[in-house]
Amino acid sequence: MSISWEETTEEKFNQLLEKIPVFLRGVAREKVSKKAEGTAAREGRAQVTEKDLVDAFFAETPFGFHGPMKNDMEGIGIDYTSYGYQR
């Protein structure tokens, strides 16, 4: 099954990647996209949703960087608390 991304979710993914230091960006792109696409595939869906993206970022980002990541999410209009994460 081929996994695609909701257009707005892919835009938000790219916006979040831009906020990651250049030397980590490639690794982040690979790990987060693989995790998000894996979740969609496991659940039998053909498209990555914003929830998949948020879950993947929380899973793949070291805990010490969750604060800045949350700020970046808020800055581009992602309400991660609606997916069960704390402020």
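No lab work stands behind these numbers, since they all come straight from the coordinates. Source: prediction; values computed, not measured. We place every Cβ from the backbone using ideal geometry, glycine too, and count neighbours over all the protein chains shown.
With Cα atoms as the point set, the chain shows a radius of gyration and Dmax of 12.2, 35 Å. Listed from fewest to most Cβ neighbours within 10 Å, the set Leu53, Leu16 follows the order Leu16, Leu53. Once the Cα atoms are used to define both axes, helix 50-60 deviates from the longest principal axis of the chain by about 60 degrees. For the chain, adding -39500 (n - 2.57) for each run of n ≥ 4 DSSP H residues and dividing by the number of residues yields -20000 deg cm²/dmol at 222 nm.
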